[in-house]
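Peer 1: So that we are looking at the same thing, I have put the structure below in structure tokens.
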Amino acid sequence: MSERLSPRAALVGGLLLWFAVLGGVSAWAVHALAAWSIDELACEAGHDNLAGFPLTGAIALAVLLPAAGAAAALAASVLAWRRVRPNHGDGDERSTGRAHLLAFVGLWLNTLALAMIALGGVAALVLPPCQR
Amino acid sequence: MSGRPDRLGTTAGDLRTATGPVGLVTEEPVGRSTAWWGMTLFITTEGTLFAALFGSYFYLRFQHGAPWPPDGIAEPELLLPLIMTAVLVPSSLPVLWAEAGIRRGRRWQLRAGLLGTLVMGGTFLGLQGIEYSEILREYTFTTNVYGSLFYAITTFHGAHVTVGLLMVCWLLAASLHGSFGTRRHERVRVVGYYWHFVDAVWVAILFTVYLSPRL
Amino acid sequence: MSSSTAAERGTGPDPAAMAALDSHWAAAPTLRNWFATVDHKRIGRRYLVTAALFFGFAGASALAMRTQLAGPEAGVLSAREYNQLFTMHGTAMIFLFSTPMLFGFGNFLVPLMIGTRDMAFPRLNAFGYWVFLFAGLFMWASVPAGAAPNGGWFAYVPLTDERHTPGLHLDVYTLGLLFLGISTTAGAINFIVTALKLRAPGMSLNRVPIFVWAIVATAFMVLFALPVLNLDNALLFLDRRFDTRFFEPERGGNVLLWQHLFWIFGHPDVYIIVMPALGIVSAVLPVFCRRGIVGYPLVVFSIVAIAIISFGVWVHHMFATGLPQLSYGFFSAASTVITIPSGLQIFAWLATMLFGRIVLSVPFLFVVGFLVTFVIGGFTGVMFALTAFDQQTTDTYFVVAHFHYVLFGGAVFPILAGIYYWLPKITGRMFDARLGRWAFWLVFLGMNLTFFPMHVSGLLGMPRRVYTYSGGLGWDALNVLATVGAYVLAVGLLLVAIGVVHALRRGDPAPDDPWGGDSLEWATSSPPKPYNFAVIPRVRSLHPVWDPATAESTGPGADEDRILAEGRRTLFTSEFDGRPERAVEMPEETLKPLVAAVGLLVLFLGLLFAWYWIAAGSGALVAGTLATWLWPPHRAPEEAGMTT
Amino acid sequence: MAGRGPQIRRRRSVPIPRAVGCGLLLLLCGCAGGAPSTLDPGGVGARRVADFWWLLFWISVAVFVEVMALLVWALVFRRHPRRRLDRSDPVRFVVVAGAGLPFVVLLAVYGLGLRDLAALAQPETPPAVTVEVTGHKWWWEVRYAGVDGATANEIRIPVGEPVRVRLRTADVLHSFWVPQLMPKTDLIAGKIRETWLHAERPGEYRGQCAEYCGLQHAHMAFLVVARPRAEFDAWLARLAEPAPAPDSDAERRGRQAFLQSACVACHTVRGTSATGTVGPDLSMLGARWSLGAGAVPNDGGHLGGWIANSQTVKPGNAMPPQPVDAAALPDLIAYLESLR
């Protein structure tokens, strides 16, 4: 290895790549679970607020925060994808090839996750929360 | 790990290398045994089961609406569950200590640690029995959905504690048989993981079943 | 790529090492060893045969139902019989055929494709098979007893509770699926660990065959989806047997909880079935296009994306239950977007064909049949993502048509392609191509004739799961067509079975690599030796068999640490980059998995018939067996690492 | 609404693409006589979905043709290819055709789907009539808000205006579905669900339970009868009145036999001592379209068979065989048929 890598840097680097791969879809999972459960359970109970907080506001948060998370993961995956090129490196092409593949997969996953969160946001704009 | 003297400097340097090509290609996790992976995945799937169970609890609770607990059942008492927590959660420590011991080749430490866990886990089950004997007078698992949830969640966890204790007994027996040492203690490690998992689930139960109705 | 034998590739260390490998890996052909085997290839074959048997049972149920539905007000089956048969048909096709069949392929192929000698946990593998077999028999035995499940394969409460369906029917269902779940979970863990730790050195993640990616993604889905089903079934069993109130609205329970939990499992399960089948397509199609698959990273992305997003679409099975529309909006979004990774795969295959040189062999024909039917199923799939349309057509024959296009088109066609493709490797025999082509055309025509008219009868208002219907509603002719199609389909499938038997009896010996395949199973003999590879290959590219560097690595002068002839050993490599770590000892034949599985069978029978003491006793037997199974081998203190 | 005029015109003359579509689907949807077809809508909700279907159908056809063209082209020309295609980029083709184009199309249909979803939520004007439907294994109990009277397996609604339908189940899950009027709404145990119907033209619309509900799920049909408002009002007034008194001797004898039988434990005939609530209200039995929720036609012969042993007609239904004297049966039938 041309660059000295402390164990901590290695750990952070490895985990950062995983965030770049799975961060977006994790954010989407949070979005789907939160937005759905807030909506179904609050409406079933006949509330239009969540402990005093308006339901639309809660749902908006359940859209916007995950969207921010997915965007961050997207940025990380772009970074990783650009920095890890198969021919970039230090002769160990199997690791760079693997990391490049993962970054590529992450790039697409994050884009897709962002699209799903955005479409959910569109639904939240169009439909009143408790309409059946 | 990293050099002490200029901690800030190394941190910035670490971050730079971590986000560079060399850092990003780090394999993580790496070098684990098949037993480690097998137990990790088993705990993952079991954890999903408990997550679904807790999800069901909240789904049923919020679909049911107030009051919760329904039908005049009192909010769960906290004293006994807190004592149970105080017994069960620290029982992870003897397992850790036992594992640390066998890593240095100290079989006596392994055996003593496992024995400690066994005693604490057994105490927990005994306390759960006492709790049941009190609560059963008020309501049972057929009373209503709350009763069903309470007994299903706690019994299911109790069954996991029992399985965990059986595993610890089995380890203890194997340790008397003389199979473990500094190089051979994978079984101790993975049983330890299972036990920590059982502990962690109890913390989630404490929140879900005992504390959340008071929120 | 012309076919070539392992000998030409120079596989084979010196004779002494070969003899050592044989002595350590080959089990004597005794009856005990037949029951005690832990060889992934034998277990894989058993999975395939057993699942095919259950497919036959479930298919026969379907034929009986189609006969009943051939005309209005027919009396071939009573309502009671029909309801049991359609429930068993669905349950068996989903749980006892599709997943085990594909696990069978996985079992046989994953260790070969990644260049190792067995699964990570060979005894667990044997245990998984026995549990699958017993659980399947447990469920099917209820049919002649007249106590088969009769609540539909998704068994909605409160129809399935004790008040509305007394008797054993639903107990067979809940316990049978819980029992089977043990096997599926064990298999899933085994696949993941095998693929993570046992890949041949050099096989970093970017060189893993698509089929292995698909199996691993499927296994992950199983780990997250199956516990939810198990919980659902456990709660239903408790409600039925011990009067708990989870699904009883009068006591605060909620019937929609069943549906949520069921579909949190159920939708990923559709992909659990289809995903490995798509993996088969990605293995078969490029070989007959004479090039690597186009867009390998995109296909990997598709697999990962589907595996994850499929967990966020379940409410589209509940679009008619009257939840808030906004909730539907969220799930409609995910259900729409999940089409994109599927579309990417379709176009990756099309591009592979367009930019390749096509060889129109029998396996490839089935792949083409898959493409045509799966695309149609995909269209109707998008339609079901759209709430308003879904509410109109769900629970009609339109949805029956849809999921048969997805599951027959998306899983059975690839499975048939896989059978023809790997038959030479599995059995060492070639099949008769003419018979295979006949089988394809009959299956293809029969399938479309059976299921296409169902789109129309659904649009014309015919609900599903009706044991009969009135004449004059515009449904009669369509049902006749579907029934005729079912018989054509049955003949086609029979020809497949005849083709397999014919190949076994009369087939020419198969060469090691009849198709010029690219993955490592073609780099060993047909059928493979018990130890799979005399030398574990060193992988240098995505297509190791097309890559001379990999072929050389198994030739003379291979490093001793990849021969591992002393003892029953194979190689661990690192999780993602496939760096060699250490050699490990693999277990030998043992009867313990069988004993444990029998113990579980008795346990579940005990629960079914409420013989709880017997259940408890067999539970203890299982625990005892596991304790001896996993008992650490005796080691001298120095070996274990005791210095004192 | 503005869409009304064109909608009606569209119904009269089937447009060419739609006829082609029907042909492709091997059916004549306009003339599939008697079919409760989603493609032959008689109501606002079903029409919206039918229009959506045809859009989705043509998109699917277009994509299918595209994919099949590529497939066939490959199969024909790529078996003995004369030239290499390697100069073009296959991956770009996959990304554009497999992700880019589908994404645009999916965005569009998702948007339209949301629009239709919102449109189906409630009718344009608040409904004046509320029908209360209860699902039973295996029949439909029908009541009207504010009206003391009940019928079964037959829902009368006024034409040209929205009607609210309030749904509950007495036992297991069912699903309320009138393909020509409105998509499904499930009946959920422990909950009350609502939907609405808006028939645009008078007629009979067949509906059926669409959620598997056990043994006789197949025989749980009903009929929605849409009539002009005045006719509907008259019928509704009639529903609250007592059942008609017998006219003939046979009917009188039949009524006597009925009131002395076990029938009264389960059935109601308004204005008599029969007030059972387990089975359907029989006060207007003679006018109903079928027996056993679509199991058999409602005529004298079938009625006799049904009374004697309905278990042979619809096995598993809740009505036990009745030990009616063979001599008294014709009178009983005459009486029940007179209840209109």
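Peer 1: Using θ = phi - 60° and the Karplus relation 6.51 cos²θ - 1.76 cosθ + 1.60, list the HN-Hα couplings for segment D:194-209 in order, rounded to whole Hz, with x at every Gly or Pro.
Peer 2: Computed from phi, the couplings for segment D:194-209 are 10, 9, 9, 10, 9, 7, 8, 9, x, x, 10, 10, 7, x, 8, 4 Hz.
Peer 1: Also, quick follow-up: Checking the a/c ratio against 1.5 first, then a/b against b/c, what shape does the Cα gyration tensor give for segment D:249-338?
Peer 2: Rounded, since a/c falls under 1.5.
Peer 1: Something else now. For chain D, what does -39500 (n - 2.57) per DSSP helix run (n ≥ 4), summed and divided by total residues, give at 222 nm, in deg cm²/dmol to the nearest 500? Working shown, then result.
Peer 2: Numbers: 9 runs with 127 residues, N = 340.
Taking each H run of at least 4 residues, the total per residue is -12000 deg cm²/dmol.
Peer 1: Sorted by average packing, counted as other Cβ atoms within 10 angstrom per residue and highest first, what order do C:335-344, D:305-314, C:445-454 take?
Peer 2: C:335-344, C:445-454, D:305-314
Peer 1: Go through C:34-40, A:48-54 and give me the packing order, highest mean Cβ count within 10 Å leading.
Peer 2: Listed from highest to lowest mean packing, they are C:34-40, A:48-54.
Peer 1: Moving to a separate point now. Quick check: net charge around C:ALA17, other residues with Cβ under 15 Å of its Cβ, Lys/Arg +1 and Asp/Glu -1?
Peer 2: Net charge around C:ALA17: -1.
Peer 1: When you take every Cα atom in chain A, what is the radius of gyration, and what is Dmax, the widest Cα pair distance, in Å?
Peer 2: 19.4, 63
Peer 1: How shielded is C:163-170 by partner chains, expressed as the average number of their Cβ atoms within 10 Å of its Cβ atoms?
Peer 2: 1
Peer 1: Shape call for segment D:184-340 from the C-alpha gyration tensor, a ≥ b ≥ c root eigenvalues: rounded (a/c under 1.5), prolate (a/b greater than b/c) or oblate?
Peer 2: Verdict is oblate for segment D:184-340.
Peer 1: Can you list the HN-Hα couplings for segment C:83-97, worked out from phi with the Karplus curve (6.51, -1.76, 1.60; θ = phi - 60°), rounded to whole Hz and with x for Gly and Pro?
Peer 2: Using θ = phi - 60°, the values come out as 5, 5, 5, 5, 5, 5, 4, x, 4, 5, 4, 6, 9, 9, 10 Hz.
Peer 1: For D:TRP235 and D:ALA328, what does the FRET efficiency come to when R0 = 25 Å and r is the distance between their Cβ atoms, rounded to the nearest 0.05? Walk me through the numbers before you get to the answer.
Peer 2: Numbers: r = 31 Å, r/R0 = 1.24.
Working from the Cβ atoms, E equals 0.20.
Peer 1: I need the calculated FRET efficiency for the pair A:ALA51 and B:ARG189, taking r as the beta carbon distance and R₀ as 41 Å, to the nearest 0.05.
Peer 2: Calculated transfer efficiency: 0.40.
Peer 1: When Cβ neighbours within 10 Å are restricted to other protein chains, what is their mean count per residue of peptide B:180-189? Kindly include the intermediate steps, with their values, before the conclusion.
Peer 2: Details: counts 6, 10, 4, 6, 7, 3, 1, 3, 1, 0.
That works out to 4 on average.
Peer 1: Specify whether the C-alpha gyration tensor of segment B:21-126 places it in the rounded, prolate or oblate class, a ≥ b ≥ c being the square roots of the eigenvalues: rounded for a/c under 1.5, otherwise prolate if a/b is larger than b/c and oblate if not.
Peer 2: oblate
Peer 1: Which lysines does C:LYS41 reach when only Cα atoms under 28 Å apart count, and residues fewer than 8 places away in its own chain are ignored?
Peer 2: C:LYS197, C:LYS425, C:LYS529, C:LYS592
Peer 1: Related question: Relative contact order for segment C:423-582: what is it in percent, counting Cα pairs under 8 Å that are at least 6 residues apart?
Peer 2: This gives 26 percent for segment C:423-582.
Peer 1: On the Cα set of segment B:65-211, report Rg and Dmax in Å, please.
Peer 2: Computed over the Cα atoms of segment B:65-211, radius of gyration and Dmax are 17.8, 58 Å.
Peer 1: Moving on to the next point. D:ARG156's amide H: which non-local residues (gap 5+, or another chain) put their own amide H closer than 5 Å, with H modeled 1.01 Å from N in plane and none for Pro or chain starts?
Peer 2: Under 5 Å from the amide H of D:ARG156 lie the amide H atoms of D:VAL225, each far enough along the sequence or on another chain.
Peer 1: If you don't mind, another one. In nm, to one decimal, how far is the D:ALA250 label point from the D:LEU101 one, both placed 7 Å along Cα→Cβ?
Peer 2: In this crude label model, D:ALA250 to D:LEU101 measures out at 7.0 nm.
Peer 1: 7 Å from Cα along Cα→Cβ at both A:LEU79 and D:SER273: what's the point-to-point distance in nm?
Peer 2: In this crude spin-label approximation the distance works out to 8.9 nm.
Peer 1: Are there DSSP H segments in chain B that both extend 27 Å or more along their axis (alpha-carbon positions) and score a mean Kyte-Doolittle hydropathy of at least -0.5? List them, or say none. Write out the running numbers ahead of the final one.
Peer 2: On the way: long enough: B:34-64 (44 Å, 0.53); B:107-135 (42 Å, 0.44); B:145-177 (47 Å, 1.31); B:186-205 (29 Å, 0.61).
Counting only whole DSSP H runs, the qualifying helices are B:34-64, B:107-135, B:145-177, B:186-205.
Peer 1: Take peptide D:306-316, look around each residue's Cβ out to 10 angstrom, count Cβ atoms belonging to other protein chains, and average those counts.
Peer 2: So the per-residue partner count for this stretch is 1.
Peer 1: Could you name the lysines whose alpha carbon sits less than 26 Å from that of D:LYS191, not counting residues in the same chain fewer than 8 places away?
Peer 2: D:LYS137
Peer 1: While we're here: Can you give the calculated 222 nm mean residue ellipticity of chain C, where each DSSP H run of n ≥ 4 adds -39,500 (n - 2.57) and the sum is split over every residue, rounded to the nearest 500 deg cm²/dmol? Present the calculation step by step, with values, prior to reporting the outcome.
Peer 2: Values: 22 runs with 392 residues, N = 644.
Rounded to the nearest 500, it is -20500 deg cm²/dmol.
Peer 1: Assuming 0.36 nm per residue, please report the length gained on full extension of the stretch C:THR628 to C:VAL359 beyond their Cα-Cα distance.
Peer 2: Details: separation 269, 0.36 × 269 = 96.84 nm, distance 5.26 nm.
Taking C:THR628 through C:VAL359 to full extension adds about 91.6 nm, to one decimal.
Peer 1: Counting Lys +1, Arg +1, Asp -1, Glu -1, what net charge surrounds D:LEU329 among other residues with beta carbon under 15 Å of its beta carbon?
Peer 2: Local net charge: -3.
Peer 1: For the ranges B:100-108, C:435-443, D:172-180, what's the packing order if you count other beta-carbon atoms within 10 Å of each residue, average per peptide, and put the highest first?
Peer 2: Per-residue Cβ counts within 10 Å, averaged per peptide and sorted highest first, yield D:172-180, C:435-443, B:100-108.
Peer 1: Restricting to Cα pairs below 8 Å that are 6+ residues apart, what does the relative contact order work out to for chain B? Please round to a whole percent. Can you show the working numbers first?
Peer 2: Working: 161 pairs, mean separation 62.4, N = 215.
It rounds to 29 percent for chain B.
Peer 1: Using only Cα atoms, tell me the angle between helix C:339-354 and the longest principal axis of chain C; keep it within 0 to 90° and round to the nearest 10.
Peer 2: For C:339-354 against chain C, the angle is about 50 degrees.
Peer 1: In units of 2.2 N^0.38 Å, what is the alpha-carbon radius of gyration of the protein assembly as shown?
Peer 2: Expressed relative to 2.2 N^0.38 Å, the Cα Rg reads 0.97.
Peer 1: By the scheme Lys and Arg +1, Asp and Glu -1, what is the net charge of all other residues having a beta-carbon under 13 Å from that of C:ASP559? Before the final figure, lay out the partial values.
Peer 2: Values: positive: C:ARG538, C:ARG562; negative: C:GLU552, C:GLU560, C:ASP561.
Counting the neighbours of C:ASP559, the net charge comes to -1.
Peer 1: Another question about this same structure. D:SER175's amide H: which non-local residues (gap 5+, or another chain) put their own amide H closer than 5 Å, with H modeled 1.01 Å from N in plane and none for Pro or chain starts?
Peer 2: D:LEU187, D:ALA210, D:GLU211
Peer 1: Give me the mean projected area, in nm² to one decimal, of the convex hull enclosing the Cα positions of segment C:205-297.
Peer 2: Directional mean of the projected Cα hull area for segment C:205-297 stands at 7.5 nm².
Peer 1: Helix C:296-309 sits at what angle to the longest principal axis of chain C, using alpha carbons and giving 0 to 90 degrees rounded to 10?
Peer 2: Relative to chain C, helix C:296-309 is tipped by roughly 40 degrees.
Peer 1: I'd like to verify something in chain D: which complete DSSP H helices, judged by Cα projection on the helix axis, reach 24 Å or more and average at least 1.0 on the Kyte-Doolittle scale?
Peer 2: Flagged H segments are D:44-77, D:101-121.
Peer 1: With label points built 7 Å along Cα→Cβ from the Cα atoms of B:LEU136 and A:LEU125, find their separation and express it in nm.
Peer 2: 5.9
Peer 1: Can you list the residues of segment D:239-275 with backbone N under 17 Å from a point 7 Å past the Cα of D:ASP148, pointing along Cα to Cβ?
Peer 2: D:239-244, D:268-275
Peer 1: Let me ask something else about it. Quick one: 3J(HN,Hα) in Hz for segment C:382-398, Karplus 6.51/-1.76/1.60 with θ = phi - 60°, rounded, Gly and Pro as x.
Peer 2: In residue order, the calculated couplings are 4, 4, 6, 6, 9, 3, 4, 5, 4, 4, 7, 10, 5, 6, 10, 5, 4 Hz.
Peer 1: For a Förster distance of 45 Å, can you work out the FRET efficiency between the beta-carbons of D:LEU75 and C:ALA74, rounded to the nearest 0.05?
Peer 2: Rounded to the nearest 0.05, the efficiency is 0.65.
Peer 1: So, one more: To test your reading of the geometry: what angle, between 0 and 90 degrees and rounded to tens, separates the Cα axis of helix C:122-140 from the longest principal axis of chain C?
Peer 2: 20
Peer 1: Percent relative contact order of segment A:20-126, based on C-alpha pairs within less than 8 angstrom and at least six residues apart?
Peer 2: 42
Bear in mind these aren't lab numbers, they're just calculated from the coordinates by the rules spelled out. Given the structure is predicted, the values throughout are model-derived calculations rather than measurements. Cβ coordinates were reconstructed from backbone atoms using ideal geometry, including for glycine residues, and neighbour counts include every protein chain displayed.
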